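Please treat every number below as a calculation from the coordinates, not as lab data. Since this is a predicted model, take the numbers as computed values, not measurements. All Cβ positions, glycine included, derive from the backbone under ideal geometry; neighbour counts span all protein chains shown.
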Amino acid sequence: GAGTGYYTAVLARLVLPGGTVTGFELDEKLADLARKNLEAHGNATVVHGDAVTTPLPPSDIIYVNAGVAAPPAGWLKALRPGGRMIFPWRPAER
């Protein structure tokens, strides 16, 4: 998840000018801390929730920092035409 917001802040800087970043964090206290840490970044938000089950906004880029065997359908649905997804792939266990 977004954790304390470090990578969300980095991404918020990278998408300027005009871009926005939405991070997701399962732990409510961490989500609150990330929001506080990101107050200076007017283009970044953190949602307390599960990015696998929460509908994502339409996105040009989806960056995931947790290993997944395959991207959930909701992530693919959220990608705009020509959008990109970056995630650490890990094969399913045998």
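Within the stretch 1-32, track down each residue that is part of a helix (DSSP H, G or I), within 20 Å of Trp75 (Cα to Cα), in contact with a Ser or Thr (Cβ under 9 Å, 6 or more places away or on another chain) and of a type in the set (A, V, I, L, M). Hit for the stretch 1-32 is Ala12, nothing else. Every test in (1) without any contact (Cβ under 8 Å) to a residue 40 or more places away in the chain; (2) under 13 Å from the mean Cα position of the chain (by Cα); (3) outside any strand (DSSP E or B) is passed by Arg35 save one, and that test is (2). I'd like to check something: does the stretch 22-39 contain any residue that is touching a Leu at 6+ places or on another chain (Cβ under 6 Å) and among the small types (Gly, Ala, Ser)? Within the stretch 22-39, none of the residues are touching a Leu at 6+ places or on another chain (Cβ under 6 Å) and among the small types (Gly, Ala, Ser). Of the numbered criteria (1) closer than 22 Å to Ala9 by Cα; (2) in a helix (DSSP H, G or I), the one Ile61 fails is (2).
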